[in-house]
Amino acid sequence: MTGKKEAFVPINPGEVRLYTCGPTVYDFAHVGNFRAYIFEDLLKRFLQFMGYKVVHIMNITDIDDKTIRGAKAQGVDLDTYTQKYIDAFFKDIDTLNILRADTFPRATEHIPEMVAIVKQLIQKGYAYKKDGSYYFSIAKFPAYGRLSKISLEELQPGQRVDADEYEKESVHDFALWKAKKEGEPFWETEIGPGRPGWHIECTAMSSKYLGETFDIHCGGVDNIFPHHENEIAQSEASSGKKFVNYWLHCHHLIRDGEKMSKSKGNTITIPDILRIKNNPAALRLLLLSTHYRKTMNFTFEALDQAETALNRINEFAGEVRYREFPEGETEAVGKIVKDAERKFRDGLSDDLNISVAVTAIFNLIKKVNVAIARENFKSQDAETVDLFIRSIKTVLGVIDPIKSETVRVGPLSEKLSVPSPRVIVADETEMPKITSQQKDKIERRQKARAEKDFGKADQIRAELAAEGILLEDTKDGVRWKAVPVPKKPE
Ligand SMILES: [Zn+2]
């Protein structure tokens, strides 16, 4: 609301009451919608990490202009139409490891609560009736526009807008309750037959589950106007109290540098992405890693990079958890972990600065790897680092340690002094085994590299990659990793 960072003080000590606007279930949610849900999940998980109890409500808009239009076009009733999108939404949030809200109230199940608020607004003089519909009179609420910073100078009193969604240019009295229309679902109520406008549901459901004043309200920047502006007007006019103490809005996600839109045909859903690259954890990490107040550009290259980063974390986490280290503890590693913990916490405490938090993790990995290489890393250190990883996993929701073992592949030529490559085997899963022909190929590639025949070396690398053997040249020599050969997309 102030456009500034503010210190967070909850209404009830130790508790955060959080409302996030959920999906309008008229279509499959696209990756841009999930960027917002993941940002909200990061916020919630971090608040929990900091010791708060979070009460989280996310509404499901199962009646509005778009759902009604969609159901009509398909010739089915509204419930049948919205159910498949509701099911898909829950499937996707589970895939992305988004913690479920305490309640997902549905608009169609809260008609009496909405009617009660409209009645209050009528009684207090904020709402008026026109042709069987009820509208909120903006002129009666001078605080209108504080969140979106719109100008009310050109506002013409009494001009109305019936659509649920509209642009800032058309600031008008908006519909709280829409009169019964031929071919539309309706409810018989004390204020007449009809159905709710979109905005009233969030006022009704947030006050029901969180109280008339609560701590944090989130959504996408698209929600600021008119949706959240209207929520504030309805809520504060009816209750006479401040609606929300802190607003956080997530910026847009664009795809390959362009705005995603149905008309351009470049929207993409979570299942669409996973059909091309089946790594939900990497997708989650990618969607987390751009600060929520910055525009995020989704590309498959960026998803590849997120996967590489996540693999590095997972391999490191596996090494620390599963490898045996000599008994004891060092002072240096204790300090490295404390420093990383502080930076991780301070970064996220500062308006969810995720890059500071992620940098803290990679700095820890780098420093601990040096300690391991110098054999200055003991069993107690491994436990301390493992504990740190477990605690940050509760916030990031992605780390999955990979069990690895070092095997000697050889005999390799002494003259080339190639350190023994490592095989990384995922825990309990069937991984392809390296064959003796493949071992020969690695040797031949090393030889080609030593002879500076990089064309040949690259060709062998590509052949091995096609067979599921990935090579990585490190300063300590070549490492190889056996991975399942990806199936060609159909
Ligand atoms: Zn809402």
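Bear in mind that the values in this text are calculations on the coordinates, not laboratory data. On a predicted model such as this, the values are computed, not experimentally measured, just so you know. For neighbour counting, all protein chains shown are included, and Cβ atoms are generated from backbone atoms with ideal geometry for every residue, glycine included.
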Subject >> Tally of residues being over 41 Å from the mean Cα position of the chain (by Cα), assigned to a helix (DSSP H, G or I) and not hydrophobic (A, V, I, L, M, F, W, C) across segment 440-479 >> reply: 10
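If we only count helices (runs of 4 or more DSSP H) wholly inside segment 272-365, which ones have 2 or more residues that are over 27 Å from residue 403 (Cα atoms)?
Values: elements: 280-288, 300-322, 331-349.
In segment 272-365, 331-349 are the helices (runs of 4 or more DSSP H) which contain 2 or more residues that are over 27 Å from residue 403 (Cα atoms).
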Original post:
When you go through 9, 16 one by one, which is the residue that is buried (at least 17 other Cβ atoms within 10 Å of the Cβ), more than 16 Å from the ligand (Cβ to nearest atom) and of a type outside the set (Lys, Arg)?
Top reply: 16
Subject >> Cβ-Cβ under 6 Å pairs, at least 6 apart or on other chains, segment 209-231 side farther than 17 Å from residue 15 by Cα and of a type in the set (Phe, Trp, Tyr), far side in a helix (DSSP H, G or I) and within 9 Å of the ligand (Cβ to nearest atom) >> reply: none
Original post:
Does at least one position in segment 167-181 carry a residue that is within 16 Å of the ligand (Cβ to nearest atom) and without any contact (Cβ under 8 Å) to a residue 40 or more places away in the chain?
Top reply: no
Subject >> Residues (crowded, with 18+ Cβ neighbours inside 10 Å and aliphatic (A, V, I, L, M)) located in segment 327-364 >> reply: 333, 336, 337, 340, 348, 352, 354, 357, 358, 360, 361, 364
Original post:
How many of the residues making up segment 196-232 are in a helix (DSSP H, G or I), within 19 Å of residue 110 (Cβ to Cβ), out of contact with any Pro (no Cβ under 9 Å at 6 or more places or on another chain) and away from the ligand (no atom under 12 Å from the Cβ)?
Top reply: 2
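Say we look at segment 127-147 and pick out the residues that are in a strand (DSSP E or B) and in contact with a helix residue (DSSP H, G or I) (Cβ under 9 Å, 6 or more places away or on another chain); which of these is surrounded by the fewest Cβ atoms within 10 Å (Cβ to Cβ)? Steps first, answer last, please.
Of all residues in segment 127-147, those in a strand (DSSP E or B) come to 127-130, 133-136.
Add one more test, that the residue is in contact with a helix residue (DSSP H, G or I) (Cβ under 9 Å, 6 or more places away or on another chain), and what stays is 127-129, 134, 136.
Values: 127: 24, 128: 17, 129: 13, 134: 25, 136: 25.
Looking at the filtered set, the residue picked out is 129.
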Subject >> Scope segment 374-390; condition farther than 12 Å from residue 331 by Cβ and either assigned to a helix (DSSP H, G or I) or small (Gly, Ala, Ser) (or both); matching residues >> reply: 379, 382, 383, 385, 386, 387, 388, 389, 390
**OP:** For residue 63, work out the one condition from (1) part of a loop (DSSP other than H, G, I, E, B); (2) under 18 Å from residue 105 (Cα atoms); (3) away from the ligand (no atom under 16 Å from the Cβ) it doesn't fulfil.
**Re:** (3)
